[in-house]
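The values are calculated or read from the model by the stated rules, or taken from the named source; none is laboratory data. Remember, it's a predicted structure, so these values are computed and weren't measured experimentally. In this analysis, Cβ positions are derived from the backbone assuming ideal geometry, glycine residues included, and neighbour counts consider all displayed protein chains.
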């Protein structure tokens, strides 16, 4: 009761001083400090939502390209006879439920539940956002840009989405921990899975990066390129 009276008195005094034109800083009663605002989570939205804007043949139909990749079947593959065999040899009862398998056969593994859109489907395997990062902010930014006449909003914001994943991201899964691992060449795999928008104008630096190839030539992939030792301009 005494604390409540002190609190009311503090606000009354502050009001009186404010009316008199005096600037004051009022401390909230003990135990009532406001919690700091939490940063909004950029959620994983899933390939089904990416399809809404990335399914036009005119702009490259990235969703169709992804759906033909092994990435799109990554979760499904864990139920195959081969996967069951590998799992049994390692004491894993169900590969589709074991985190040692799910971490590289699904998208957003390890992220908290609030980091996923309510319609996100884990069973769609290694989706767009595994490589390009959570897409909610990108989706909202592009929708806002479509409604705006401001040309600046047509440009991708810094950090909005990952255009091309770096090798260090790829090898978090394409490594010797995988029971089916084969030497992995970053440059060759990028070329094989590329799904660009043909209408997008690219800078000289972007074009140079796209032209980069592995130095192993027809021997690729080798242990050397798997370790990232090669990478030459094409």
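List of remarks:
- Listing of helices (runs of 4 or more DSSP H) fully contained in region 47-89 that carry 2 or more residues being loosely packed, with under 12 Cβ neighbours inside 10 Å, assigned by TED's automatic domain parsing to the domain that holds residue 131 and at pLDDT 95 or above: 81-89
- Residues that are touching a helix residue (DSSP H, G or I) at 6+ places or on another chain (Cβ under 7 Å) and either at pLDDT 90 or above or closer than 16 Å to residue 105 by Cα (or both) within region 199-212 comprise just one, 199.
- Enumeration of residues in region 136-168 that are in contact (Cβ under 8 Å) with a residue 24 or more places away in the chain and farther than 22 Å from residue 207 by Cβ: 136, 137, 139, 142
- If you go through region 115-135 and keep only what is more than 14 Å from the chain's Cα centre (by Cα) and in contact (Cβ under 8 Å) with a residue 60 or more places away in the chain, you end up with 119, 121, 124.
- Residues in region 172-187 that are under 20 Å from the mean Cα position of the chain (by Cα) and in the same structural domain as residue 226 (by TED's automatic domain parsing): 186 only.
- Within region 118-130, the set of residues being assigned to a helix (DSSP H, G or I) and surrounded by 18 or more Cβ atoms within 10 Å (Cβ to Cβ) comprises 124, 128, 129, 130.
- For region 156-175, the set of residues classified as part of a helix (DSSP H, G or I) and within 20 Å of residue 102 (Cα to Cα) consists of 168, 169, 170, listed by residue number.
- Those residues of region 132-155 which are loosely packed, with under 11 Cβ neighbours inside 10 Å and in a helix (DSSP H, G or I), in sequence order: 146, 147, 151, 152
- The residues in region 102-117 that are assigned to a loop (DSSP other than H, G, I, E, B) and touching a helix residue (DSSP H, G or I) at 6+ places or on another chain (Cβ under 9 Å) can be counted, and the count is 6.
- Of all the residues in region 184-221, those that are farther than 20 Å from residue 127 by Cβ and outside any helix (DSSP H, G or I) number 15.
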